[in-house]
Amino acid sequence: MKIDGKPYRSVWVDEDGWTVRIFDQTKLPWSLDILRLTDEEQVAHAIRTMQVRGAPLIGAVAAYGVALALRRDPSTANLERVVEMLGRTRPTAINLRWALERMRAALHNLAPGDRVAAAYAEAAAICEDDVETCRRIGEHGLPLLREIAARKGPGERVNVLTHCNAGWLATVDYGTALSPIFQAHDAGLPVHVWVDETRPRNQGAALTAWELGKHGVPHTVVADNAGGHLMQHGQVDICIVGTDRVTRQGDVANKIGTYLKALAARDNGIPFWVALPHSTLDMRVRDGVAEIPIEERAEAEVTELTGRTADGRLETVRVVAEGSPAANPAFDVTPARLVTGLITERGRCEASEAGLRKLYPEKG
């Protein structure tokens, strides 16, 4: 994807051939800061503090974290240590564990002297896999938007509601939920996106709106609680969201608030689609509500907000009464019964074990 005409990916190896570069997503949309990661501790910090975020992207960055750790010590003991350490940074998104297990499998049986080059190669392969996966998700989601456009009058816009950020900032490139939207826009479809602000970290207002704006996609930021109202008044044609983990029966873990959007969509007869890359599918879990661990993040993310003042300064202010505690579950689970279908790199399917097995028979 492009920023002001210049192509970028969300993670890359620097010109020195070994350090890793990412955008500091905590600084967006106010400034475009690029971080230089030189060891696994910096990678872990970036993931924990959400300088880098998005289920597919944290897996890719963690893979490079393994490579950075092995530069200093390529031993089997260090390989196991860094895989376990990075795996503890974020508990809900399964892509992190998927990428680290793939790195371990690729490197474990190699001689220590061969591991560093192999680690960088495997991390690069994980990134390329993600890029192609997201591109194909866009291809398989695009017909859904074409069908809506065909039912409408000439020039009448296709209204998509999305939640959180599932664009190229959350992946290596293209994005998951935003990939069909970018492709629809590039194909000339009159697509318009309702962007949930997505409290408490405002990934929609800060990141999704920024991405769409940089790509020239018409969009409007709305408060999280406005989605149901828009649906009731015929202003939403389709909901497309990303996911941090999908179970074998099709339950979907995603940013907190996704479940409420799915309920509103069901009540108003609006299709609710989830963009699912293969790395986010967890066939080891059946009941998402009962089995997926939900990350509880710091209460300051709820009690405080950061923004730009009228004179251009960035300030953090408290928005909750002093002495009032806050809870901050970062994700919720949308049961499969509320999901119209899944958009994957292999095609679309129903959110069910049968649907997933049809597309992923090798997953067991």
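The values are calculated or read from the model by the stated rules, or taken from the named source; none is laboratory data. These figures come from a predicted structure and were not determined experimentally. FYI the Cβ positions are ideal-geometry reconstructions off the backbone, even for glycines, and counts take in every protein chain you see.
Considering the conditions (1) of a type outside the set (Gly, Ala, Ser); (2) in contact with a strand residue (DSSP E or B) (Cβ under 8 Å, 6 or more places away or on another chain); (3) closer than 16 Å to LEU276 by Cβ, GLU345 is excluded by exactly one of them, (2).
Taken over segment 38-57, the residue count meeting the criterion of being in contact (Cβ under 8 Å) with a residue 40 or more places away in the chain and at negative phi is 10. Of the residues making up segment 141-175, those that are over 18 Å from the mean Cα position of the chain (by Cα) and either part of a helix (DSSP H, G or I) or buried (at least 24 other Cβ atoms within 10 Å of the Cβ) (or both) are LEU142, PRO143, LEU144, LEU145, ARG146, GLU147, ILE148, ALA149, ALA150, ARG151. Scanning segment 1-33 for residues that are modelled with pLDDT of 95 or more, part of a loop (DSSP other than H, G, I, E, B) and aliphatic (A, V, I, L, M) gives a single hit, LEU28. Number of residues in segment 187-225 that are in contact (Cβ under 8 Å) with a residue 24 or more places away in the chain, assigned to a helix (DSSP H, G or I) and out of contact with any strand residue (DSSP E or B) (no Cβ under 6 Å at 6 or more places or on another chain): the value is 6.
Could you go through segment 222-243 and let me know if any residue there is within 16 Å of LYS255 (Cα to Cα), polar (S, T, N, Q), surrounded by 18 or more Cβ atoms within 10 Å (Cβ to Cβ) and touching a Lys or Arg at 6+ places or on another chain (Cβ under 7 Å). No, there is no match, as no residue in segment 222-243 is within 16 Å of LYS255 (Cα to Cα), polar (S, T, N, Q), surrounded by 18 or more Cβ atoms within 10 Å (Cβ to Cβ) and touching a Lys or Arg at 6+ places or on another chain (Cβ under 7 Å). Scanning segment 87-122 for residues that are in a helix (DSSP H, G or I) and under 18 Å from the mean Cα position of the chain (by Cα), we see that the one that is surrounded by the most Cβ atoms within 10 Å (Cβ to Cβ) is ALA99. Restricting segment 282-317 to residues that are of a type in the set (Asp, Glu) and more than 22 Å from THR26 (Cβ to Cβ) leaves a set whose member that is nearest to the chain's Cα centre (by Cα) is ASP282.
Residue-by-condition table, conditions (1) farther than 16 Å from VAL131 by Cβ; (2) polar (S, T, N, Q):
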residue: PRO180; (1), (2): no, no
residue: ALA187; (1), (2): yes, no
residue: THR198; (1), (2): yes, yes
residue: GLY204; (1), (2): yes, no
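Restricting ALA124, ALA118, ALA111, ALA149 to those that are closer than 21 Å to HIS278 by Cα and aliphatic (A, V, I, L, M) reduces the list to ALA124.
Looking across segment 9-23, just one residue is free of Cβ contacts under 8 Å to residues at least 24 places away in the same chain, of a type outside the set (D, E, K, R) and closer than 29 Å to VAL217 by Cβ, and that is TRP12. Considering VAL289, VAL236, the condition of being outside any helix (DSSP H, G or I) and either without any contact (Cβ under 8 Å) to a residue 12 or more places away in the chain or closer than 29 Å to HIS140 by Cα (or both) is satisfied by VAL236 alone. Restricting attention to segment 328-361, the residues being over 17 Å from ALA262 (Cβ atoms), part of a helix (DSSP H, G or I) and not small (Gly, Ala, Ser) number 6.
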